[in-house]
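Worksheet for the structure shown next.
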């Protein structure tokens, strides 16, 4: 037995095609990327928790937010934002 057995139909369809070489350039980090991710991937769940909290008189959403901690990477990002904002304010 080999690693796999080729299906003749797929081999006819794709057999003569050269393998694809995929590569991506990593996107440099910025806070907007995190905000977009939260909006598109997390916001529905947070809205559900918020409505649930209203129904059962709990504060799970606040607990979720308060359980997060700012790590060294986050501090560096915020310091970078602070310094760029102070540069903008000085030039105004």
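Derivation of every value follows stated rules applied to the coordinates shown; laboratory data play no part. This one's a predicted model, so the numbers in the text were calculated from it and none came from an experiment. Backbone-built Cβ (ideal geometry, glycine too); neighbour counts: all protein chains shown.
Key figures for this structure:
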{"item": "Filter pass, residue 52 being in a helix (DSSP H, G or I) and touching a helix residue (DSSP H, G or I) at 6+ places or on another chain (Cβ under 8 Å)", "result": "yes"}
{"item": "Positions within segment 49-58 being more than 25 Å from the chain's Cα centre (by Cα) and surrounded by 12 or more Cβ atoms within 10 Å (Cβ to Cβ), in sequence order", "result": "53, 58"}
{"item": "Test for residue 46: is it in contact (Cβ under 8 Å) with a residue 12 or more places away in the chain, part of a helix (DSSP H, G or I), under 17 Å from the mean Cα position of the chain (by Cα) and surrounded by 12 or more Cβ atoms within 10 Å (Cβ to Cβ)", "result": "yes"}
